[in-house]
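Undergrad: Mind looking over this structure? Questions follow.
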């Protein structure tokens with residue numbers, strides 16, 4: 001399972017790189033995990049790692065996504081760590097139990113399924129509506145609506161930051177970094193911490209925005225309490241499963257379905273489960289359905305925008321269009337420049353790192369960049385840390401080529417290269433799409449009128465914005481992969497020190513200093 005998550009989740013530091021011999025460090029049933037023992041051989045300065053003297057009886061274990069997120073060791077451990085709720089079984093079980101199941105379909109997943117079946121995205125949407133409703137799903141929505149809502153809030157946040165940065169105080173943090181990629185967010189919280197988190201936009205991703213819209217607004221319109229609705233999103237990325245399980249996206253409510261104080265007992269999630277594009281294909285095959293032969297059902301228009309010509313609303317860019325949309329809005333709002341046509345993104349290091357500038361009187365007043373993939377991400381983070389980053393906004397995605405290349409997308413067919421598949425997805429993604437200004441989306445306008453008030457309002461901050469938390473490494477996680485010796489000052493000659501750390505910990509109120517070293521055999 002771990003190889004399906006984004007590289008950023010798997011490489012956030014040495015503790016997060018999961019080799020075949022590593023296991024989850026979470027203690028199960030109160031038992032200590034079995035660890036190898038280190039013994040000194042008779043040959044001087046040679047250290048051997050001996051296996052446990054007695055094989056242990058093992059059984060499949062279940063660790064929730066909350067356990068994974070709360071743990072400061074690895075994020076995605078071994079195949080025994082089951083994504084219990086985030087599965088086809090959980091999805092079908094909730095339909096069987098009579099829950100009002102709502103599915104929200106991302107444009108990237110729609111493109112993946114369309115390319116696989118040789119259909120247009122609009123055709124796939126209509127046929128998936130037929131398919132899901134035949135299973136008992138109540139409604140299927142398009143996350144393009146929530147993406148536009150997230151984009152509007154992001155535009156508002158950027159303009160506020162930019163103005164504050166150039167005011168007398170000048171204490172706003174730039175660059176502002178996009179927040180839609182959960183792989184990037186998890187990496188930032190676990191590894192980068194307090195120096196980078198204030199730069200990240202507080203706006204929720206489109207997945208969580210549509211979750212908030214359904215659970216806080218649509219449920220009331222339907223006369224249902226949030227716990228009676230089982231909300232499933234279809235996404236291109238396994239990392240979205242982790243995002244949906246964050247405690248930040250659980251909320252308390254009363255019997256009337258209204259959000260209340262934390263003291264109340266009833267709590268539910270904005271997104272109950274996430275299925276990937278590949279899992280939806282698996283479900284179609286499981287049910288022995290010929291998707292191409294299905295009739296197309298009318299789309300659910302409550303949260304799905306289609307114009308008179310049958311085109312879905314969209315934006316430029318396969319990863320949500322954050323840089324494109326915010327750049328255009330900032331140019332118009334801050335400098336009165338209306339930009340027509342495609343933006344002229346310039347390749348810097350590679351196709352996954354591109355930038356676009358706005359010059360006024362010979363001076364670059366706006367400098368935006370797309371930064372996809374772990375390698376590019378590391379470079380830009382290093383510049384931010386030393387204060388040498390001159391960008392105003394960064395659209396960051398953990399996966400090379402962005403969301404269309406997410407780990408949950410349908411794999412290339414036999415004989416098709418990954419590069420060819422991405423090119424195909426980029427073409428299909430924009431089929432049947434009306435590229436429109438999110439501020440002109442009539443559904444989003446209605447959501448502001450009926451629910452949120454205006455961009456940046458207190459209600460918008462409550463439901464469409466969130467917070468991030470630096471993850472403090474636990475002692476267990478710090479020491480799990482390290483050979484430790486109290487007060488150790490020398491290294492065996494047969495080993496080379498790959499990295500050293502000093503850990504200051506407290507035991508029964510007494511400070512203890514451990515010098516820890518990760519050794520590499522030579």
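Any read-out appearing in this document is the output of simple, stated calculations on the displayed coordinates, not a laboratory observation. Worth saying up front: this structure is predicted, and the values here are computed from it rather than measured.
Undergrad: Which percent of the Cα-Cα distances in the stretch 181-251 go past 22 Å? Provide the component values of the computation, followed by the final result.
TA: Details: 751 of 2485 pairs.
Everything past 22 Å amounts to 30 percent.
Undergrad: So how compact is the stretch 194-351: Cα radius of gyration and Dmax in angstrom?
TA: When restricted to Cα atoms, the stretch 194-351 yields Rg and Dmax of 19.8, 56 Å.
Undergrad: Here's another thing I want to ask about it. Going by the alpha-carbon gyration tensor, a ≥ b ≥ c the square roots of its eigenvalues, is the stretch 97-231 rounded (a/c under 1.5) or, if a/c is not under 1.5, prolate (a/b greater than b/c) versus oblate?
TA: Prolate, because a/c is 1.5 or more and a/b exceeds b/c.
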